[in-house]
1. Determine whether B:Leu43 is within 14 Å of chain A (Cβ to nearest Cβ), under 27 Å from A:Pro83 (Cα atoms) and not polar (S, T, N, Q).
2. Quickly run through the range A:28-84 and pick out the residues that are on the phi < 0 side of the Ramachandran plot, touching a Gly at 6+ places or on another chain (Cβ under 7 Å) and without any contact (Cβ under 8 Å) to a residue 24 or more places away in the chain.
3. Go through the range A:84-97 residue by residue and tally those that are part of a loop (DSSP other than H, G, I, E, B) and at the interface with chain B (Cβ under 10 Å from one of its Cβ atoms).
4. Answer yes if at least one residue in the range B:86-102 is within 14 Å of another protein chain (Cβ to nearest Cβ) and of a type outside the set (S, T, N, Q), and no otherwise.
5. Inspect all residues belonging to the range B:24-31 and state whether any of them is at pLDDT 95 or above, crowded, with 16+ Cβ neighbours inside 10 Å and in a loop (DSSP other than H, G, I, E, B).
6. Filter the range B:67-112 down to residues that are basic (Lys, Arg) and closer than 30 Å to A:Gly68 by Cβ and give me whichever is modelled with the lowest pLDDT.
7. Which helices (runs of 4 or more DSSP H) sit wholly inside the range A:1-83 and have at least 2 residues that are in contact with a His (Cβ under 6 Å, 6 or more places away or on another chain) and away from every other protein chain (no Cβ under 14 Å)?
Amino acid sequence: MEQKNYAGIAIEINEEGYMVNMDQWNKDVAVELAKEEDIELTDKHFEVLEYIRNKVKSGDTLTIRAIGKSGIVDIKGFYTLFPGGPLKKATKIAGVSKPSSCV
Amino acid sequence: MVKKEEHPLKKVCIICAKGSIEDVYATLIMANGAVMEGIETNLFFTFFGLDAITKKQMKKLHTATVGNPAMRMPGGLPFPTVLGLIPGVEAGVSAMMKSQMEKLDIPPVDEFLEMITAGGGEIYACKLAMDMFKLKKEDLSEHVKDVLTVGQFYELSGGENTQIIFT
């Protein structure tokens, strides 16, 4: 297990750069995580991130389809917010583990 | 843990030539998965695979209950082939497959095509098979970008780290 400094906090991350403990997350951490993916976070991004964190907390499986039906963003919008691998990138920035779903 | 790939896939071109639920869904799931990974994705439907993008047929895909040795009863007992001959059995089995997939958040075909194109994937139909089945572009889903010849399909499949997958 590695530790990396984001926004002044020593954060535990796994080999792929996903946060191990989602409780270490805050908005400043998210901004720095997003920078590594070349994404500048807007309010819309944060709405999606909060949605993902809530889903993960309640133990639901994350799918692109579910995010498209969340009412926050449609699927096209989700791809625009997090280009080139939206679910992988959004979960990383949201401080949760990498999703294991195939859809 | 998956090792970091040194030469990640850049593009996949997936060909679907069959029209049963499992053939079409294998194609759609692989295509959508590629789009989700940020891989450039082209889908090419030909022969009976055209059912998946034909407006009239896409909601009526079936799984074969005859000549399908992997078919089982719910619970795992073998499925006698003669049962599959009874009218309505194939439709029932197919409806069951679809409801099982819906539970896993796997969408119906039309919505799946929309998900793939929303993520930048492109969907094409085979010209020769269209001519054979007397289909016109307007018979196809609005998500179909174009009708291509084999040559045009290969042109789309060029470039480094591209794979062609035949499902």
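1. No: the conditions fail for B:Leu43.
2. Once the filter is applied, which keeps residues that are on the phi < 0 side of the Ramachandran plot, touching a Gly at 6+ places or on another chain (Cβ under 7 Å) and without any contact (Cβ under 8 Å) to a residue 24 or more places away in the chain, the range A:28-84 yields A:Asp74, A:Ile75, A:Tyr79.
3. Residues in the range A:84-97 being part of a loop (DSSP other than H, G, I, E, B) and at the interface with chain B (Cβ under 10 Å from one of its Cβ atoms): 2 in total.
4. Just the residues of the range B:86-102 that are within 14 Å of another protein chain (Cβ to nearest Cβ), to begin with: B:100-102.
Okay, now just the ones that are also of a type outside the set (S, T, N, Q), so B:101-102.
Within the range B:86-102, one or more residues are within 14 Å of another protein chain (Cβ to nearest Cβ) and of a type outside the set (S, T, N, Q).
5. Taking the range B:24-31 and keeping what is at pLDDT 95 or above, we get B:24-31.
Then keep just the ones that are crowded, with 16+ Cβ neighbours inside 10 Å; that gives B:24-31.
Filter again for in a loop (DSSP other than H, G, I, E, B), leaving none.
There is no residue in the range B:24-31 that is at pLDDT 95 or above, crowded, with 16+ Cβ neighbours inside 10 Å and in a loop (DSSP other than H, G, I, E, B).
6. That would be B:Lys103.
7. Answer list for the range A:1-83: none.
Condition check ((1) away from every other protein chain (no Cβ under 14 Å); (2) of a type outside the set (Lys, Arg)) across all residues:
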position	(1), (2)
B:Leu104	no, yes
B:Lys127	yes, no
B:Lys136	yes, no
B:Thr149	yes, yes
B:Gln152	yes, yes
B:Glu155	yes, yes
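The values are calculated or read from the model by the stated rules, or taken from the named source; none is laboratory data. Since the structure is predicted, the reported quantities are computational estimates derived from the model, not experimental observations. We place every Cβ from the backbone using ideal geometry, glycine too, and count neighbours over all the protein chains shown.
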